[in-house]
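The values are calculated or read from the model by the stated rules, or taken from the named source; none is laboratory data. Not measured: the values here are computed from a predicted model. Neighbour counts are summed over all protein chains in view; Cβ atoms, including those assigned to glycine, are modelled from backbone coordinates with ideal geometry. For accessibility, only protein heavy atoms count, side chains too; no ligands or nucleic acids. Shrake-Rupley method; radii C 1.70, N 1.55, O 1.52, S 1.80 Å.
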Amino acid sequence: MGTINSALTLISSALDADQSALNVVSNNVANAGTTGYTREVPDFQESKPIEINGVSNGTGATVTGATSVRDRVLEARLAQQQQLSSASSTRLAALNTLQALFTPDSGSSASTAGDIGNDLTSFFNSFSSLESNPTNNALRQEVLSSATTLAGDISNAAASLGSQQSSLDQEAAGISSQVNALTSAIAQLNQQIRSTSPTADAGTLEDQRQQDIAQLSQLVGINQVTTENNGLSITTTSGQLLVSQSTSYQLTTGQSGGVTHFYLGGTDVTSGLTAGAGELGGYLTVRDQDIPNAMAALDQLSYSISTQVNALNNSGTDANGVEGTGTNSSGVTGTGTTRLYIFNQPAQVSGSALAMSVVMTDPGQIAAASFGSGTGDNSNALALANLATQATVNGQTPSGYYSQFVSQLGSTVLQVQTENTAQSASSTQLQSQIDSLSGVNLNDEASSMQQYERAYQAASQVFTILNQVMASVLNLGVQTAVS
């Protein structure tokens, strides 16, 4: 009787185990379309055997729970790749907007910068035209018109850069609240996981935590450190703590130098976040590097043109025979009392592009003639026209300098685009590997369900046989039918 009872207990355990396994499979099928769900497998554990007359006898198996099929190394690699891809994607979108301002020879009405390359050519060509007929007032007016177009387009470009920088600053500042919400959620999940499953897989809780980490890595560059009790610490790529066990650290913002800076525990981490990744890294890279570089190039171009043209025009004689106040190449200083400046005179390189404008209103003040020459002289107009071919902007001609700037910007865009394509492909590949391992495959689940159903049916048949044997034993000598 003891042996039969043991057998019944063993089979009952088998039935319970198979039913638990079927429940795990059923849960997988139900969550096949749930984003972030990780496939689970039943944990079969051998029951403690018993010894009878020195012989060890098995007592079956039980299902102690379910374990999610996950690869933490793959998940960490995916998070790292996603944050790089997010940074390059964000930066690329902003760079495309920036590049649209400077499309060479586009003449596009969509570009608030106009076509600075053509503006430069037209401006210096207007002096060449004036050179042929220095007393022609219409040609003088053409000089002022082309100067106004050039100054306006450069100033508009600088204003557009400033506007884009301000917009990116606002976008970057808004990310801090999203980061704080996610780090708080991760810290709470750490606490729940520590309380409910400190030494084993926590199932859906870990799925939720991994989803939050994936979203966080899209926003900011992070590193993950596994800790005791199934916990997790998260730092920025430069090492500042965002989450430690059940504690999260708030990312705060403040103004510094006219832009938003980011702080953790009172420490300015802006530069570290810029060098990191995620959307925030992309925004900050364009805000603090790409746009300032473009602005510096425009400032240098504007400063050089304004100061060189002003100096030459101020060292000549205008249509009324009035000399400027400057000193010409021969060392002769004009006798005039009024500066003959075409552009506003910048005091420094920085900010000169935004402030660039034409201050001359009388075309007669264009100084086509040199000091001591008649108003019909064209030597100063020739000198002004020759600025187009002289290395007056950081060792280059004005058009050459601008073309190099546009070319370098295009190269940067192409480089970031190439990086983004590679990073996106790598992210897709890693996600496919994770899906293959952790995702729910309905064909596999159907096979597992069939396996556990057959095991359940087999155990049921054994149970029926044992029931018949038990009935026969209890009714010895009496014919018994067990239904």
ask   = In the set Thr227, Thr253, which member is crowded, with 16+ Cβ neighbours inside 10 Å, in contact with a strand residue (DSSP E or B) (Cβ under 8 Å, 6 or more places away or on another chain) and among the β-branched types (Val, Ile, Thr)?
value = Thr253
ask   = Quick one: would you say Gly376 is out of contact with any Pro (no Cβ under 7 Å at 6 or more places or on another chain) and either under 23 Å from Pro134 (Cβ atoms) or of a type in the set (Gly, Ala, Ser) (or both)?
value = no
key: Candidate set from segment 53-73 (those that are exposed (fewer than 11 other Cβ atoms within 10 Å of the Cβ) and assigned to a strand (DSSP E or B)); member that is modelled with the lowest pLDDT   = Ser56
request  = May I ask you to list the residues in segment 168-198 that are hydroxyl-bearing (Ser, Thr, Tyr) and open to solvent by 60 Å² or more (accessible area, probe 1.4 Å)?
outcome  = Ser177, Ser195, Thr196
query = Residues in segment 130-138: is at least one within 20 Å of Val358 (Cα to Cα), touching a helix residue (DSSP H, G or I) at 6+ places or on another chain (Cβ under 7 Å), free of Cβ contacts under 8 Å to residues at least 60 places away in the same chain and part of a helix (DSSP H, G or I)?
reply = no
remark   = Residue pairs qualifying under the 7 Å Cβ cut-off, at least six apart or on distinct chains, with the first in segment 159-187 being touching a residue at least 60 places away in the same chain (Cβ under 8 Å) and the second being in a helix (DSSP H, G or I) and among the small types (Gly, Ala, Ser), are Leu161/Ala294; Leu168/Ala94
Set Ile234, Ile213: member being within 23 Å of Thr38 (Cα to Cα), under 17 Å from the mean Cα position of the chain (by Cα) and either of a type in the set (Phe, Trp, Tyr) or open to solvent by less than 20 Å² (accessible area, probe 1.4 Å) (or both) = Ile213
message = For a quick check of your reading: which strands (runs of 3 or more DSSP E) sit entirely within segment 215-272 and have at least 1 residues that are in contact (Cβ under 8 Å) with a residue 12 or more places away in the chain and under 23 Å from Ser197 (Cα atoms)?
response = 222-227, 231-236, 241-244
remark   = When segment 353-364 is checked residue by residue, the ones that are buried (at least 21 other Cβ atoms within 10 Å of the Cβ) and not in a loop (DSSP other than H, G, I, E, B) are Ala353
remark   = Expected single match for out of contact with any Leu (no Cβ under 8 Å at 6 or more places or on another chain), modelled with pLDDT of 85 or more and open to solvent by 60 Å² or more (accessible area, probe 1.4 Å) among Gln45, Gln80 is Gln80
inquiry  = Considering only segment 337-352, I want to know if a residue exists there that is at pLDDT 95 or above and in a helix (DSSP H, G or I).
reply    = yes
remark   = When restricted to Leu241, Leu280, the only residue over 30 Å from Leu144 (Cβ atoms) and buried (at least 22 other Cβ atoms within 10 Å of the Cβ) is Leu280
ask   = In segment 321-347, what count of residues is obtained for those that are more than 18 Å from Leu384 (Cα to Cα) and open to solvent by 70 Å² or more (accessible area, probe 1.4 Å)?
value = 4
request  = Answer yes if at least one residue in segment 400-420 is among the hydrophobic types (A, V, I, L, M, F, W, C) and in contact with a Pro (Cβ under 7 Å, 6 or more places away or on another chain), and no otherwise.
outcome  = yes
note = Within segment 31-90, residues among the charged types (D, E, K, R) and farther than 30 Å from Thr235 by Cα come out as Asp43, Glu46, Lys48, Glu51
remark   = Checked segment 311-320 for anything free of Cβ contacts under 8 Å to residues at least 60 places away in the same chain and either touching an Asp or Glu at 6+ places or on another chain (Cβ under 7 Å) or open to solvent by 40 Å² or more (accessible area, probe 1.4 Å) (or both); matches are Ala311, Asn320
